[in-house]
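What follows is a single structure, written as structure tokens, with notes after it.
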Amino acid sequence: MHVAAVFLPLLGAIIAGVLSFIAPADKERGNRIDRAAQWVTCGAMLLAAVAAAFVFVDVVVDKNETTVHLATWIDSGAFEVSWALKWDTLSAVMVLMVTVVSAMIHIYSVGYMHHDPSIPRFMAYLSLFTFFMLMLVTADNLVQLYFGWEGVGLTSYLLIGFWYTRPSANAAAIKAFLVNRVGDFGFALGVFATFLLFQSVHLDTIFAAAGDQAQTTLGVFGGEFHALTVICLLLFVGAMGKSAQIGLHTWLPDAMEGPTPVSALIHAATMVTAGVFMVARLSPLFEFSDTALMVVTIVGATTAFFAATIGCVQNDIKRVIAYSTCSQLGYMFFACGVSAYSAGIFHLVTHAFFKALLFLGAGSVIHAMSDEQDMRSMGGLWRMIPVTYVLMWIGSLALAGVWPFSGFYSKDIVLEAAYAADTGVGTYAFWLGIGAALLTAFYSWRLLIMTFHGAPRADDRVLAHVHESPKVMILPLIVLAIGAIFVGMLAYPYFVGEASPEFWEAAILILPEHTALEDAHHVPAWVKWLPLGVGLVGIALAVLMYGLVPSLPGLLAERLHGLYRFLLNKWYFDELYDALFVRPAFYLGRRFWKVGDGTLIDGLGPDGVAATAVTIARRAARLQTGYVYHYAFAMLTGVVVIVSWYLLWQSG
């Protein structure tokens, strides 16, 4: 079971990949190949989810934590790296969540992608992506973790650019790949620095020695710095890239160019949560660096608020949800930054269900609207697609943190822990988190009202074809909706409640002096109810502006034109990076190409030598006139030169 839960998606990916290379002789055979790929990948994912459930019971309930050794990967002197699956509470929770959500996305894709000509390739990419994520969360050493880390980066490139005939999809895939490479470079340096300090990449070995290295310094650029701080900050740079934190977030909204199931898989349960998982997994290192924890808190809190402001003005239904993902990841990070790692993981798990529900629900809307994604062209859809409407309400209530939905439990404990940390950065995170909660509720109901309520704004031809999605798309949404309603309520006692110390045991290390999570249960009542209160205020504002007085948003945009443009252009991060990096890189590239390569290297090298030879040959060719007297004159001139040289040499 332990191996099957991880490797069944890889088996499905391989079979679907082979099927994608079979050229169908006719349409009927092509349909059979498509169905075979769907059955294999969906079946493998469902079996993996079942296996993950059995492993969860064995590892978490029966307390049979284990490491399954598969093979030796590298054995060079004292450096040894194994292929091994580390099964503890953290990895069991992640594997169960990833396989269940991914299985629902696979099944949903059967309906959503049924017209696509490359179904086997798509299903193979989905399953391969899931496999790499499972390898990441079960890694027992940093090299294997890096393998999974880079694997999800590679497959995200393939999935985002799946419709490669679209220039926008190609550009988005390249952007995601390059921005993640920036973060991954920092992550790789962190792995190197960890080996330099501990002489091992094995997680248990590193964790056991972390306390002994708590005061060790490391030489960096000629200076001496706290070693664990350097390591944690480098690793966190990688987390910022994968989890789209402010500064390295620009790839995430553009990733919406991929098919909607891709958006749900990348932004709900897998790739973007890898950074949060990594920080929680390496809590034994982060706990010994107050500086690193402070940076994690500040970056997470800033991202939570920053992304929420942008989500309030986006008009593409998928981009609104994408910025919501970016914002919610900020919550997870600042929870980890105040040492409430289990609260961050709790929000990660609940978020996976309601965010996958929202993305797939948005896909159902797009499917009904003949691929229209602009909310300004929607409206009045709730009567036409009532099931999708109800499911989107459930996802939005969970996202806004309304009781008794899952987001209420996980978001509140994150905010309470930030307040209970009783530090400057904790207070900063708490108030920015409260602001983000207000904006989250606002943009969620803005999406619902613009999409489902009011007068229909779509073309009559589009409205004539609006229909509810097929059962193969609706049933996965219902499963995710059940998770969005009940997971928070059921998991709360174990993740962050009275049973949490026994539940997590050694999977997460928190130093005795870091008591934010424990103190979160004793904060004042206003702290507990404020997130719900501001959420209701955000909902009321959205109803007022987009339901009762629909002219108000336009008036505000006109009056606050500068602020509106600032938010609509995403705080101008893309323009800033274009000015700082893209255009200078293109300028240098052209100069190196035209001047360096063309003028200097080619001009003095191959092209120059060839041109000189041609010139000499042409001049020599002019001497061949065909007239005898010209040749006689040349011979006489030669004789005169030779005789003159001989006489001068004799006289000397």
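Being within 15 Å of residue 268 (Cα to Cα) and open to solvent by 10 Å² or more (accessible area, probe 1.4 Å) is not true of residue 126.
Mind telling me which of the residues 527, 549, 523, 537 ends up being among the β-branched types (Val, Ile, Thr) and open to solvent by 70 Å² or more (accessible area, probe 1.4 Å)? Show your work before the answer.
Details: 527 fails: open to solvent by 70 Å² or more (accessible area, probe 1.4 Å); 549 fails: open to solvent by 70 Å² or more (accessible area, probe 1.4 Å); 523 fails: open to solvent by 70 Å² or more (accessible area, probe 1.4 Å).
Answer to the check: 537.
Starting from residues that are among the basic types (Lys, Arg) and modelled with pLDDT of 85 or more, keep the ones in segment 542-586 and report whichever is nearest to residue 400 (Cα to Cα). Result: 565. So, residue 383, is that one under 18 Å from the mean Cα position of the chain (by Cα), open to solvent by 10 Å² or more (accessible area, probe 1.4 Å) and either under 23 Å from residue 115 (Cβ atoms) or charged (D, E, K, R) (or both) or not? It is false that residue 383 is under 18 Å from the mean Cα position of the chain (by Cα), open to solvent by 10 Å² or more (accessible area, probe 1.4 Å) and either under 23 Å from residue 115 (Cβ atoms) or charged (D, E, K, R) (or both). Tallying residues that are more than 23 Å from residue 532 (Cα to Cα) and in a helix (DSSP H, G or I) within segment 360-403 yields 15. Counting only helices (runs of 4 or more DSSP H) that sit wholly inside segment 262-329, not one has at least 3 residues that are open to solvent by 10 Å² or more (accessible area, probe 1.4 Å), in contact (Cβ under 8 Å) with a residue 24 or more places away in the chain and closer than 18 Å to residue 353 by Cβ.
Looking only at residues in segment 497-519 that are more than 18 Å from residue 285 (Cβ to Cβ) and among the charged types (D, E, K, R), the one that is modelled with the lowest pLDDT is 505. When segment 440-462 is filtered for residues that are of a type in the set (Asp, Glu) and not in a helix (DSSP H, G or I), only 459 remains.
Within segment 230-258, the residues that satisfy the criterion of being open to solvent by 20 Å² or more (accessible area, probe 1.4 Å) and assigned to a helix (DSSP H, G or I) are 230, 233, 234, 237, 240, 254, 257. The number of residues in segment 194-216 being under 22 Å from residue 84 (Cβ atoms), of a type in the set (Gly, Ala, Ser) and either touching a helix residue (DSSP H, G or I) at 6+ places or on another chain (Cβ under 8 Å) or open to solvent by less than 20 Å² (accessible area, probe 1.4 Å) (or both) comes to 3.
Here's the yes/no breakdown for (1) in a helix (DSSP H, G or I); (2) at pLDDT 90 or above; (3) under 18 Å from residue 257 (Cα atoms); (4) more than 14 Å from the chain's Cα centre (by Cα):
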| residue | (1), (2), (3), (4) |
| --- | --- |
| 104 | yes, yes, no, yes |
| 126 | yes, yes, yes, yes |
| 132 | yes, yes, no, no |
| 144 | yes, yes, no, yes |
| 152 | yes, yes, yes, no |
| 165 | no, no, yes, yes |
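The values are calculated or read from the model by the stated rules, or taken from the named source; none is laboratory data. Quick caveat: nothing in here was measured; it's all calculated off a predicted structure. Here the Cβ is made from the backbone with ideal geometry for all residues, glycine too, and neighbour counts use every protein chain on show. Note: accessible area is taken over every heavy atom of the protein model, side chains too, but ligands, DNA and RNA are not part of it. Shrake-Rupley method; radii C 1.70, N 1.55, O 1.52, S 1.80 Å.
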